[in-house]
Amino acid sequence: MQSKYLISTLTALLVAMPALAHDARIGTLHIFHPAAPATLPGQNSGAVYLLIDNEGTVADRLLAASSPAAASVSIHSMSMDGNIMKMREVDGVALPPATKVSLKADSGYHLMMTGLKQPMQAGDKIPMTLSFERAGKLDVSVHVDPNKAQKTAADSMVSPAHSH
Ligand SMILES: [Cu+2]
């Protein structure tokens, strides 16, 4: 029982840590807080989340991403079909003018790093290059955050519905 209390304490500490936001700009695109949850043991792929605000008056498009930390980075879309989460690779994300597009954990799009060369641990900063149709290439730093799924991993042995 003691370990249960320890885990609760650790979780509370992790939640209390401020998430330091960071951002990057290229042209009219403003990219906020590229971040990834820490990997779990045995996990060799990982999602990356970010927000892209196209502050301009012309549409752009996220075409691709790459990172020296992974064999490849792809763009995934995610949707719910009833209770089943479906993911598929897409060839880009539209960035309409004056619109914020969120690549996030629970819906829409995310980036997926596959073939990670080493585990991602909270506090790590991973270089990544984003390629945009109009704005060109932008180097960003992906901050590795504590894996919130870890908190519930002990409660349920069902891994997040994120198999590749
Ligand atoms: Cu995915």
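Taken together, the values in this text are just the output of simple stated rules run on the coordinates, not laboratory data. Keep in mind that this is a model prediction, so the values were computed, not measured. In this analysis, Cβ positions are derived from the backbone assuming ideal geometry, glycine residues included, and neighbour counts consider all displayed protein chains.
Note on the range 39-63: among residues that are part of a loop (DSSP other than H, G, I, E, B) and within 16 Å of the ligand (Cβ to nearest atom), the one that is nearest to the chain's Cα centre (by Cα) is 39.
Looking only at residues in the range 71-80 that are surrounded by fewer than 17 Cβ atoms within 10 Å (Cβ to Cβ) and free of Cβ contacts under 8 Å to residues at least 40 places away in the same chain, the one that is nearest to residue 33 (Cα to Cα) is 77. Where strands (runs of 3 or more DSSP E) fall wholly inside the range 64-123, the ranges with 2 or more residues that are under 14 Å from the mean Cα position of the chain (by Cα) are 70-81, 99-103, 108-116.
Any chance the range 101-109 includes a residue that's closer than 19 Å to residue 149 by Cα, aromatic (Phe, Trp, Tyr) and touching a strand residue (DSSP E or B) at 6+ places or on another chain (Cβ under 9 Å)? Taking every residue of the range 101-109 in turn, at least one turns out to be closer than 19 Å to residue 149 by Cα, aromatic (Phe, Trp, Tyr) and touching a strand residue (DSSP E or B) at 6+ places or on another chain (Cβ under 9 Å).
Quick check on my filter: what residues within the range 124-138 are exposed (fewer than 15 other Cβ atoms within 10 Å of the Cβ) and either within 20 Å of residue 45 (Cβ to Cβ) or of a type in the set (A, V, I, L, M) (or both)?
125, 127, 129
Only residues that are of a type in the set (Gly, Ala, Ser) and either on the phi > 0 side of the Ramachandran plot or within 15 Å of the ligand (Cβ to nearest atom) (or both): list them for the range 72-101, please. Correct list: 72, 74, 77, 79, 82, 92, 98. Based on this model, can you work out whether residue 101 counts as of a type in the set (A, V, I, L, M, F, W, C) and either touching a residue at least 60 places away in the same chain (Cβ under 8 Å) or touching a Lys or Arg at 6+ places or on another chain (Cβ under 7 Å) (or both)? Considered against the rule, which asks whether it is of a type in the set (A, V, I, L, M, F, W, C) and either touching a residue at least 60 places away in the same chain (Cβ under 8 Å) or touching a Lys or Arg at 6+ places or on another chain (Cβ under 7 Å) (or both), residue 101 comes out as no. The set of residues in the range 81-97 that are of a type in the set (A, V, I, L, M, F, W, C) and surrounded by 12 or more Cβ atoms within 10 Å (Cβ to Cβ) comprises 85, 87, 90, 93, 94, 95. Only residues that are within 16 Å of the ligand (Cβ to nearest atom) and closer than 25 Å to residue 27 by Cβ were counted across the range 114-151, and they come to 2.
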